[in-house]
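K.L.:
I am attaching a structure below and will ask some questions about it afterwards.
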Amino acid sequence: MTKVDPHFLYVFPSTLEAFLAVIADQKRRLPSLRRVFTGGEVLEDSVRSQTRGILGVEIADNYGTTEAFVRLAMSRRQLSCEFRTRAG
C-alpha cells in the first residue's frame, strides 16, 4: 500500500482497524492520503481517533442500506404527491 501511496481509501471499518495496526506497527506513512471513506459496518469512535492519529486524516463514513435510501426516495415522492393533492 505504501508503494501505491493512495489519495483515498475506501474500506470497511473492520478492515481499516486491521490496516491501522499494520501501518502503526511498521511505522509506515501515506503522505498523499487525503481522506478515508468507510461504510457497510458501524464505525467505532476509537477507529476514527486512531485514523486521525496514525494517518492524519478524517473519515467520511456512510452507514446504511440501499433499502433505506430507496425508502427515503419513495417517501419524498409520496410526500410530494400528497402535498400537491392537498394544495390543489
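Computed from the coordinates by the stated procedures, all read-outs in this text should not be read as laboratory data. Predicted, not measured: the structure shown is a model, and the values here were computed from it. Neighbour counts run over all protein chains shown; Cβ positions are idealised from the backbone, glycine included.
K.L.:
Under a point spin-label approximation (7 Å from Cα along Cα-to-Cβ), what is the Ser32-Asp61 distance to one decimal in nm?
P.N.:
Between Ser32 and Asp61, the simple spin-label model gives 2.8 nm.
K.L.:
Calculate, for Glu41 and Phe8, the FRET efficiency according to 1/(1 + (r/R0)^6) with r their C-beta to C-beta distance and R0 25 Å; round to the nearest 0.05.
P.N.:
0.85
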